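Written out below as structure tokens is the structure these notes cover.
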Amino acid sequence: MKTLSITLKKSLITSTPKQRKTAQALGLKKRNQTVERKDTETTRGMVRTIAHLVDVVEK
């Protein structure tokens, strides 16, 4: 199964509460932190919510 490498590139300070909760659910806490998640529809939806804050690489 494919995985997604998700890196938080921008700060969560000015984001909305929903966006902060989404980043937290993905396991992102600090800038430049990278996590790997399975490529599922749920994960894709979460990434879409905070797409302007993260960089995503498919592996």
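Based on C-alpha pairs under 8 angstrom that are at least 6 apart in sequence, the chain has a relative contact order of 56 percent.
Could you please report the charge total around Ala25, scoring K, R as +1 and D, E as -1 over all other residues with beta-carbon less than 11 angstrom from its beta-carbon? Please list the in-between numbers first.
Details: positive: Lys18, Arg20, Lys21, Arg37; negative: none.
That sum, taken over residues with Cβ under 11 Å, equals +4.
The residues Val54, Val35, Val47, when put in order of fewest to most other Cβ atoms within 10 Å, stand as Val35, Val47, Val54.
Around Lys59, what is the net charge, scoring Lys/Arg as +1 and Asp/Glu as -1 over all other residues with Cβ under 9 Å from its Cβ? Present the calculation step by step, with values, prior to reporting the outcome.
On the way: positive: Lys2; negative: Glu36, Asp39, Glu58.
Value of the local net charge: -2.
Counting charges near Arg44 (Lys, Arg +1; Asp, Glu -1) among other residues having Cβ under 12 Å from its Cβ returns a value of +1.
Rounded to the nearest whole Hz, the Karplus-based 3J(HN,Hα) values (6.51 cos²θ - 1.76 cosθ + 1.60, θ = phi - 60°) of region 8-21 follow the sequence 7, 9, 10, 5, 8, 4, 8, 7, 7, x, 5, 5, 5, 5, with x at glycine and proline.
The modelled label-to-label distance between Thr42 and Glu58, using points 7 Å beyond Cα along the C-beta direction, is 2.1 nm.
Once both labels are positioned 7 Å from their Cα atoms along Cα-to-Cβ, the gap between Val35 and Ser5 label points is 1.7 nm.
About the centre of its Cα atoms, region 3-58 shows a dipole size close to 340 debye [charges on the beta carbon of Lys, Arg (+1) and Asp, Glu (-1) only; nearest 20 debye].
For region 42-49, backbone phi angles converted through the Karplus equation (6.51, -1.76, 1.60; θ = phi - 60°) give residue-by-residue couplings of 5, 5, 4, x, 5, 5, 4, 5 Hz, Gly and Pro being listed as x.
Equivalent ellipsoid semi-axes for the chain, as square roots of 5 times the alpha carbon gyration tensor eigenvalues: give them largest first, rounded to whole Å.
Those come to 18, 12, 9 Å.
A short reminder: the numbers here are calculations on the coordinates, not readings from a lab. None of the values given here were measured: they were computed from a predicted structure. Note that each Cβ is placed from the backbone with ideal geometry, even for glycine, and that neighbours are counted across all protein chains shown.
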